[in-house]
Amino acid sequence: MGIAAEITDDWHVALAALAWQVEAGADEAVGDLPINRYELAAEAPKPAVPAPTSPKPQSPPTGFGIDPVSAAQAAAAGAQTLDDLREVIASFDLCELKKGARNTVFADGNPKARVLILGEAPGAEEDREGRPFVGRAGQLLDRMFAAIGLSRTSPDPETALYITNVLPWRPPGNRDPEPAEIAMMRPFVERHIALVDPAVIVVMGNTPLDALTGHRGILRARGNWTQALGKPLLPMTHPAYLLRNPSAKREAWADLLSLQARLSP
Ligand code: URA
């Protein structure tokens with residue numbers, strides 16, 4: 001009884017510890033045994049020669065004179081091509097999310113596409129691969145748009161998709177992006193859309209709806225065409241929401257048909 005109780009307790013404690021790590025953003029095991037890094041630091045031999053004291057170049061702290069939104073506007077305005085924009089985003093250091101991300105997830109698909117899809121932010125798989133919408137939600141997204149003849153791999157602008165996100169870096173533990181993060185990256189999104197110059201924009205979920213219209217409430221907004229950045233914009237529910245709520249696929253299908261009708265000559 002005593003042993004069984006201990007095993008059960010250990011199991012629950014271990015499960016709770018694992019859940020906590022996942023919540024904090026851990027998505028991969030990097031070793032078989034735990035390492036106590038506090039002990040390592042205490043045991044580490046002191047350097048014989050004092051380390052040079054000159055400060056390492058660091059990104060300027062926010063709140064000390066640099067307004068990240070103005071910095072993003074200036075950087076985005078300087079990008080004349082998509083390659084420029086990819087570079088300026090990758091070297092933008094004022095967003096904390098970048099520090100925890102493996103990759104800057106810029107975009108995928110055909111830049112000449114008539115339809116630009118704007119998502120929220122990379123998840124774990126997108127962060128690993130460096131491409132938007134490649135996980136389970138992304139696979140559903142591909143199937144949804146394939147059903148109306150659109151694909152990110154199509155070389156023909158008429159049937160192609162271009163896909164990007166409001167945030168190019170994964171928020172830890174897939175938490176919702178914060179308003180300050182959305183505001184900071186918005187100038188890049190605007191420049192991105194101006195450079196691709198699609199005929200229509202489709203926003204998937206609340207974050208991109210908010211970024212482009214200043215409103216949330218995707219369940220009310222979905223299917224209702226509006227305008228943003230001088231372009232027709234269709235709000236749709238996010239494919240991750242559809243995976244959790246399969247009954248909402250019916251409305252998503254109606255939205256896809258509305259998009260198809262809009263694109264027909
Ligand atoms: N969800 C998004 O909004 N974007 C991605 O790239 C992946 C999942």
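Listed here are the residues, each with its yes/no results for (1) touching a residue at least 24 places away in the same chain (Cβ under 8 Å); (2) out of contact with any strand residue (DSSP E or B) (no Cβ under 8 Å at 6 or more places or on another chain); (3) outside any helix (DSSP H, G or I); (4) under 18 Å from F133 (Cα atoms).
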site	(1), (2), (3), (4)
P187	yes, yes, no, no
R191	yes, yes, no, no
L195	yes, yes, no, no
D210	yes, yes, no, no
H215	no, yes, yes, no
P232	yes, no, yes, no
A248	no, yes, no, no
A254	yes, yes, no, no
A261	no, yes, no, no
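More than 16 Å from the chain's Cα centre (by Cα) and either within 16 Å of the ligand (Cβ to nearest atom) or closer than 19 Å to F145 by Cβ (or both): does that describe P208?
Here the answer is no, as P208 does not meet what is asked.
Looking at D142, D127, which is the one that is surrounded by 14 or more Cβ atoms within 10 Å (Cβ to Cβ), acidic (D, E), modelled with pLDDT of 95 or more and within 23 Å of E251 (Cβ to Cβ)?
D142
Which condition does R170 not pass, out of (1) at pLDDT 95 or above; (2) away from the ligand (no atom under 13 Å from the Cβ), if it passes all the others?
Of (1) at pLDDT 95 or above; (2) away from the ligand (no atom under 13 Å from the Cβ), only one is false for R170: (2).
Go through the residues of segment 120-134 one by one and say whether even a single one is out of contact with any Cys (no Cβ under 9 Å at 6 or more places or on another chain), away from the ligand (no atom under 16 Å from the Cβ) and either in a loop (DSSP other than H, G, I, E, B) or on the phi < 0 side of the Ramachandran plot (or both).
no
Taking the condition more than 10 Å from the ligand (Cβ to nearest atom) and touching a residue at least 40 places away in the same chain (Cβ under 8 Å), does A147 pass?
yes
Hey, among V196, V166, which residue is of a type in the set (V, I, T) and under 18 Å from P235 (Cα atoms)?
On inspection, the qualifying residue turns out to be V166.
Are any residues in segment 142-175 aliphatic (A, V, I, L, M) and outside any loop (DSSP other than H, G, I, E, B), and if so, which ones?
Within segment 142-175, M144, A146, A160, L161, I163 qualify.
With the condition kept exactly as written, say whether any residue in segment 183-204 is surrounded by fewer than 17 Cβ atoms within 10 Å (Cβ to Cβ), under 17 Å from the mean Cα position of the chain (by Cα), under 26 Å from I89 (Cα atoms) and of a type outside the set (D, E).
yes
Applying the selection to segment 218-265, what residues are closer than 22 Å to G123 by Cα and of a type outside the set (A, V, I, L, M)?
Result: P235, T237, H238, P239, Y241, R244, N245, P246, K249.
The values are calculated or read from the model by the stated rules, or taken from the named source; none is laboratory data. Computed from a predicted model, the values in this text were never measured in an experiment. FYI the Cβ positions are ideal-geometry reconstructions off the backbone, even for glycines, and counts take in every protein chain you see.
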